[in-house]
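Here the structure comes first, spelled out in structure tokens, and everything after it is commentary.
Values in this text are rule-based calculations from the coordinates and carry no lab data. Small disclaimer: the values here were computed from a predicted structure and weren't measured. Here the Cβ positions follow ideal geometry from the backbone for every residue, glycine too, while neighbour counts run over all protein chains shown.
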Amino acid sequence: SKPIVAIVGRPNVGKSTLFNVLAGDNISIVKDTPGVTRDRIYADVEWLNHKFTLVDTGGIEPESKDIILSQMRDQAQIAIDTANVIIFITDVRQGLVDADAKVADMLRRSRKPVVLVVNKVDNFDRQMMDVYEFYNLGIGEPHAISASGKLGIGDMLDEVTGYF
Ligand code: GDP
Ligand code: MG
């Protein structure tokens, strides 16, 4: 069967935007409200000669006791457990926050291959310095992308499919 690639990260970093770019239509819901996507959503994706199933998740707020946010975290954990490769998205505009480090710890425990993505890099020249701090997560090289601007997507997919 096809490899499964899960998109995880905190709410509002652009998971569903990336999902929709890769899925090629609007299967997932994108809203400005954090955590709008509550259920896992699947799409079949083909990149060059690679086929995989992509899974969007509602997002992970590591320390929240809110019922909905903790359910979203549980759903994301299920997606992580099911995945062959994980796309971990962060947000260059917010910078590296403590919750990103906690998500990174969850992902390390999963022992799955993780592709670290820094989203919202709409201007590579101006924002590249801000991408480097994500090396501090200790899970490898950060890949700058702009999901809404469709920048850096091919290099990211090369890395993802390289783990199949
Ligand atoms: P999710 O909660 O992680 O699924 O995040 P969404 O995909 O719903 O996006 C949250 C917000 O970030 C929306 O307002 C998107 O339009 C915005 N966004 C997503 N990707 C980018 C990007 O590459 N650049 C910028 N500037 N905004 C983005
Ligand atoms: Mg979403």
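Here are a few things to note about the model shown:
- The charge dipole of segment 4-161, taken about its Cα centre with unit charges on the Cβ of Lys, Arg, Asp and Glu (plus for the first two, minus for the last two), comes to roughly 300 debye.
- Put a dot 7 Å past the Cα of ARG109, heading toward its Cβ, do the same for VAL21, and the two dots end up 3.0 nm apart.
- D_trans [Stokes-Einstein, Kirkwood Rh over alpha-carbon pairs] for segment 4-161, 10 °C, 1.306 mPa s, µm² s⁻¹: 104
- Of the GluC sites (Glu not before Pro) found in segment 56-164, those that fall in a DSSP loop while having at most 13 other beta-carbon atoms within 10 Å are GLU63.
- Once the C-beta distance of ILE68 and LEU48 is scaled by a Förster radius of 35 Å, the resulting FRET efficiency is 0.40 to the nearest 0.05.
- The alpha carbon centroids of segment 69-88 and segment 129-151 are separated by 20 Å.
- Segment 36-94: radius of gyration over Cα atoms, expressed as a fraction of 2.2 N^0.38 Å: 1.26
- Residue among ASP91, ASP105, ASP125 with the largest mean-square fluctuation in a Gaussian network model of the chain, springs linking Cα atoms under 10 Å: ASP125
- Taking Lys and Arg as +1 and Asp and Glu as -1, the other residues whose beta-carbon sits under 11 Å from that of PHE88 total +3.
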